[in-house]
Number of protein chains: 2
Amino acid sequence: MTDAQTRLIAEAQRTLGPKSVLTDPADIAPWATDWRGRVHGSTPAILAPASAEEVAAIVRLAAEHRVPLVPQGGNTGMSAGATPPADGSALLLSLRRMNRIRSVSADDRLAVAEAGVILATLHDAAHAAGMRFPLTLGARGSCTIGGLTSTNAGGTQVLKFGTMRSLVAGVEAVLPDGSIHNGLSGLKKDNRGYSIDQLLIGAEGTLGVLTAVALRLVPAVAARAVAWAGVDDPASALELLRYLETRTAGIEGFELVPDDSLKLVLKHIPNTRPPLAGEHRWHVLMEATTTEAGVDVGAELEQLLSGALEQGIIADAVLASNEAQAEAFWKIRDSISEAERTEGQTLAHDISVAVAKMPRFIVEASEQVERAFPGVVASGFGHLGDGNIHFHVRAGSHAAPDWYEAEGAEITRFVDDLVTAAGGSISAEHGIGQLKRAEFARLADPARVHAIRAIKQALDPLGIMNPGKLIP
Amino acid sequence: MTDAQTRLIAEAQRTLGPKSVLTDPADIAPWATDWRGRVHGSTPAILAPASAEEVAAIVRLAAEHRVPLVPQGGNTGMSAGATPPADGSALLLSLRRMNRIRSVSADDRLAVAEAGVILATLHDAAHAAGMRFPLTLGARGSCTIGGLTSTNAGGTQVLKFGTMRSLVAGVEAVLPDGSIHNGLSGLKKDNRGYSIDQLLIGAEGTLGVLTAVALRLVPAVAARAVAWAGVDDPASALELLRYLETRTAGIEGFELVPDDSLKLVLKHIPNTRPPLAGEHRWHVLMEATTTEAGVDVGAELEQLLSGALEQGIIADAVLASNEAQAEAFWKIRDSISEAERTEGQTLAHDISVAVAKMPRFIVEASEQVERAFPGVVASGFGHLGDGNIHFHVRAGSHAAPDWYEAEGAEITRFVDDLVTAAGGSISAEHGIGQLKRAEFARLADPARVHAIRAIKQALDPLGIMNPGKLIP
């Protein structure tokens, strides 16, 4: 521990109270490693302020002592953006004690949640007010509003409601100089200069610490229908989406599943069974919702799928006959990553290309990877309607203890080159964090790199906010 | 003209061709004054590049010669943000020749329009593709996509579709160092560092020159219904909006009109007549739409208004019985500013407060202004559902040649103080430009001022992008 860190920790103990400063290695350990257990950081202390003012006090102390801070919410990130550097130079700033929902207004369709509020808690609070916060994802039981906003998270309902950026009405944040930016006014129209709120969304804590977020709510769901379809290829899946979208505004989930992924789930995940009797090379899980009581959204979806079947867009389809079956369909989708991990080592790539280009990209990129690295298995699954799939490469016959680090890095560069050549993004919904920083620096447009570095330098000249993350 | 300007103009003539550089004062005059004729600028030349590459070449020349540029589209701004400084130190950079719609895709629900495309032209192109670009406003026949994006414009359909920020999928821009930022990929999910696109939206040309914009399209309207209601006060108007919003998703226009404004329109604008037979202190113009053929949106709105009448929320209402009557209702709303100008001098304030606070704000602020400046007439009209009204103060018995500049400035500070105390914004949808810069500097939060200045200095260290605008 450096002298500066010792002084900062002592002053933090006076400012926050001794219980809000954790220095016992056993208390720190679970938060110093990313949740996938891949990146191991180190820090002498976790500071846990309980208000924006306390966060501001800590940031001012950090600036004074030149000790960097790593903001952290639920530690569920996919790119190690909330994991401290391994050299122990930074302190963890945990937002988990800032877990109050300050307001929920059905009239204004707004909720204000502090950074440490867990997503599922917000879902419940919106529901209790007769409303809904639509963004959701697998980690909903532990991820926090601050982290979701800082990474501009996506999830399975982006098709209809957009990413966090579309759902954030404003943020409260402590800037690197210790001032508090208040963007929680809830104003629908406000053009007073550059949008500091928009700059902080997706900045992964490198320009300040989010302390609270104003979130847009939408009307509660009255009913949902979930269906599973078998299709010949990703192009047919996209054709199905277009067919549905031009006939109903109700589709809010549309997930592509290759048969390879389905087979792995059936093999490794207990209590799963194939939704359709026949064999299909590709599958689609879709969900339609309505906010109007009395609308039979299931009958509507079934009729549309009959039409798609008649037109030869899909080969077969089945509507979940009840909520339990609907959950069973979603469980297949949500278990793909787990099933892959059970099967063996898997390289994950969270990528996007333009929606129209995605069907061809999935097929061609898989072929190219399998040709370049014979023996591996490549496939893409996920949010086809957003142009965002999780392009995973399994070790297959290459399985070896160091496969992930050795050939894995080479495969990732290969995939990232394909994505870049297709005009896509190597970071669709998971952020840059630590894990994608080198690839971002290698592939980013120089104009973007220059602008990002200039903004970082302008707002955080001391470099105290989340060092080693995002900046190419 | 300075030597540097002379050299830049000569080089621009070589780069763009002589016809794309206007130096005749008669050609320049219409573009050197803002459209309301209030702010008179001066410039030795208008440069009119035809491509992003030509814009980049001009920006590099401007940087080399340290000659600032003022980007300009349709010159319809309300805050003189596209008017050059009066000292002739800057050149106008007209984007009007960049008027190509590069693509319209109904499948992707995206259009890519160059900065100089006129809004009405985009409306037509979207319509021809069976789609719709929903943002619209009075200047639609002359305002441009670049200007609308640079000012994060609003308009009358924000209630349902948001401001330009919600409708922009990405931008192409020339940054102050002459590099071209390409954000036109159309990716729905892209988290590669800070959003340069979001930073440029609403930056009023102070961080770069927009050259093209990717815009979200929505399904075309199948039918619309327009109605007029009489209410007792703004609180009843908001109650009506809440009543409608919980029963239909179709409301996309909801405009508040005080009886004073209606009377002025009937007095000064030919061929206008009152929609309702009786007298009402306040009025609401509303529009509902549907994208589904066969849905009788008129019958639905009429039934909802009957319910609101029964519950005593409104005093009377009438549905436009045909398209001509619908247009006549909208003409009243769109003619308020013109009628006020005919009546005499009018101070306009484009302000917002939280929606729930707006009814009380309108009433109380009007009373306070009329009490502090006895003889003037204050009233608010416009986008109640967005918490954004145009708070206008007429000279009334104070009419004098210098009223606008003399007492007007004092009244504006008085209004801006009320707005700030209510947690609102002194710039809702018109931007800061030149006209609101002093008030912005006086009232803005220091954290915001510091961040804006730091970002400007970081990205435009030479100060060549739209000097004298926005920065507090």
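The values are calculated or read from the model by the stated rules, or taken from the named source; none is laboratory data. Everything quoted here is computed from the prediction, not taken from an experiment. Note: ideal-geometry Cβ built from the backbone for every residue, glycine included; neighbour counts use all protein chains shown. Heads up: the accessible areas ignore ligands, DNA and RNA and are worked out on the full protein's heavy atoms, side chains in. Shrake-Rupley method; radii C 1.70, N 1.55, O 1.52, S 1.80 Å.
List of remarks:
- Viscosity 0.890 mPa s, temperature 25 °C, Stokes-Einstein D of chain B from Kirkwood C-alpha radius, µm²/s: 105 µm²/s
- Equivalent ellipsoid dimensions for segment A:63-173 as semi-axes, Å, which come from the Cα gyration tensor, largest first: 27, 15, 12
- Amide H contacts of B:Gln345 (H built 1.01 Å from N, under 5 Å, at least 5 apart or other chain): B:Ala395
- Additional length obtainable on full extension of the chain from A:Ala120 to A:Asp259, 0.36 nm per residue less Cα span: 47.0 nm
- Relative contact order (percent, whole number), segment A:1-58, Cα cutoff 8 Å, 6+ residue spacing: 36 percent
- Placing a pseudo-label 7 Å from each Cα along the Cα-to-Cβ vector at B:Ala293 and B:Asp3 gives an inter-label distance of 7.0 nm.
- Surface/4 of the Cα convex hull for segment B:222-281, nm²: 5.2 nm²
- Theoretical FRET efficiency, 1/(1+(r/R0)^6), r = Cβ-Cβ of A:Ala26 and A:Glu279, R0 60 Å, to 0.05: 0.70
- Modelled FRET efficiency - R0 41 Å, A:Leu309 with A:Lys267, Cβ distances, 0.05 increments: 0.90
- Estimated D of segment B:173-248 in µm² per second, where Rh is the Kirkwood radius over Cα pairs and Stokes-Einstein applies at 25 °C, 0.890 mPa s: 145 µm²/s
- As a length-normalised measure over Cα pairs under 8 Å and 6 or more apart, the relative contact order of segment A:22-87 settles at 44 percent.
- Rounded to the nearest 10 Å², the accessible area of B:Cys143 at probe 1.4 Å: 10 Å²
- Note on the protein assembly as shown: Cα convex hull, mean projected area over all directions, 39.7 nm².
- Long-range tail of P(r) for segment A:143-270 (Cα pairs > 16 Å, %): 72 percent
- Note on B:201-212: average number of Cβ atoms from other chains within 10 Å of each residue's Cβ is 2.
- Efficiency of FRET between B:Ala406 and B:Arg453 - r from beta-carbon atoms, R0 45 angstrom, step 0.05: 0.90
- Chain A and chain B together bury an accessible surface of about 5400 square angstrom, both sides counted, with a 1.4 Å probe and no ligands or nucleic acids included.
- Alpha-carbon centroids, segment B:164-206 and segment B:98-126: separation in whole Å: 17 Å
- Panel note: the C-alpha atoms of segment A:50-124, placed on their principal axes, show extents of 47, 29, 16 Å (largest first).
- Listed by number, the DSSP H helices of chain A that run 18 Å or longer by alpha-carbon position along their axis and have mean Kyte hydropathy of at least -1.0 are A:3-16, A:52-65, A:297-310, A:358-372, A:406-421, A:446-459.
- Reduction of at least 20 Å² in accessible surface, 1.4 Å probe, comparing all protein chains with the chain by itself, residues of segment A:75-108: A:Asp107, A:Asp108
- For segment A:1-83, the Kirkwood radius over C-alpha pairs fed into Stokes-Einstein at 20 °C and 1.002 mPa s yields D = 161 µm² per second.
- Of the peptides B:264-273, A:63-72, the ranking by mean beta-carbon count within 10 Å, highest at the top, reads A:63-72, B:264-273.
- Ranking of A:Ser179, A:Ser79, B:Ser321, A:Ser166 by solvent-accessible surface, largest first: B:Ser321, A:Ser166, A:Ser179, A:Ser79 (1.4 Å probe, protein heavy atoms only, all chains present).
- Using a probe of 1.4 Å, the accessible surface attributed to B:Met131 totals some 20 Å² when neighbouring protein chains are kept in position.
- The value of relative contact order for chain A, using C-alpha pairs under 8 Å at least six residues apart, is 15 percent.
- Partner shielding of B:442-454 amounts to 5, given as the average count of beta-carbon atoms from other chains within 10 Å of each residue beta-carbon.
- Spherically averaged projected area of segment B:338-471 from its Cα convex hull (nm²): 9.2 nm²
- Solvent-accessible surface ranking, highest first, for A:Ile411, B:Ile118 at 1.4 angstrom: B:Ile118, A:Ile411
- Secondary-structure-derived ellipticity at 222 nm for the protein assembly as shown, considering helices only, amounts to -11000 deg cm²/dmol, per-run term -39500 (n - 2.57) for DSSP H runs with n ≥ 4.
- Largest-first ellipsoid semi-axes for segment A:294-401, taking √(5λ) over the Cα gyration tensor eigenvalues, angstrom: 32, 18, 12
- Measuring nothing but protein heavy atoms, the accessible surface of the protein assembly as shown at 1.4 Å probe radius is 51 percent carbon and sulfur.
- Karplus 3J(HN,Hα) series, Hz, for segment A:194-206 with 6.51 cos²θ - 1.76 cosθ + 1.60 (x for Gly, Pro): 3, 7, 5, 4, 5, 5, 6, 5, x, 7, 6, x, 8
- Both the radius of gyration and Dmax for segment B:230-361 are 15.2, 47 Å, in that order, over alpha-carbon atoms.
- Average accessible surface for chain A: 37 Å² per residue, computed with a 1.4 Å probe over protein heavy atoms with every protein chain in place.
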